[in-house]
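Below is one structure, written out as structure tokens, with a few remarks after it.
Each reported figure results from applying straightforward, stated rules to the coordinates on display, with no laboratory input. Worth saying up front: this structure is predicted, and the values here are computed from it rather than measured. Cβ placement follows ideal geometry from the backbone for every residue including glycine, while neighbour counts extend to all protein chains displayed.
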Amino acid sequence: MRIENFIYFFTICGFFIGLVFSIINFNEPEYVLFYTAIITLFFYLLIHVAVANFLDVRILSKNIFNKVKYEEISDYFIYEMETREKKINSLVNVLEKIQAKDTNNIAKTRENDNYDKIAA
């Protein structure tokens, strides 16, 4: 049985025990609601303490966290990021070369325009 099912079961049991206790002992609806909530909270916290004491976290963590698989996935993502970084850097270099050619062409045309104006 899963741990969550124990928690749900004891919380619901606490609710109904608190409801029965409150209805038997109190006539005011505020008291019934208040004591039902308090007893439900007590059962909820009690089952968490019980689960924490009887649960072996080391065994559970080995099942949940697979270190080998995590490292394989991490290595794959690192490889993918490196290849994408190389592609982006090559594109940036190409764009810089194109931009440098364009600025050289613009500068040459401006120089030619200046010579035409001086000669006129």
Exercise for the section: At 7 Å along the Cα-to-beta-carbon direction for both Arg84 and Leu33, put a label point, then send me their distance in nm to one decimal. Expected result: 5.2
Exercise for the section: Order these peptides, 66-77, 7-18, by their mean beta-carbon neighbour count within 10 angstrom, highest first. Expected result: 7-18, 66-77
Practice task
Obtain the nm distance between the two label points defined at Phe6 and Ile23 by a simple spin-label model: each point lies 7 Å from its Cα along the Cα-to-C-beta direction.
Solution key: 3.0
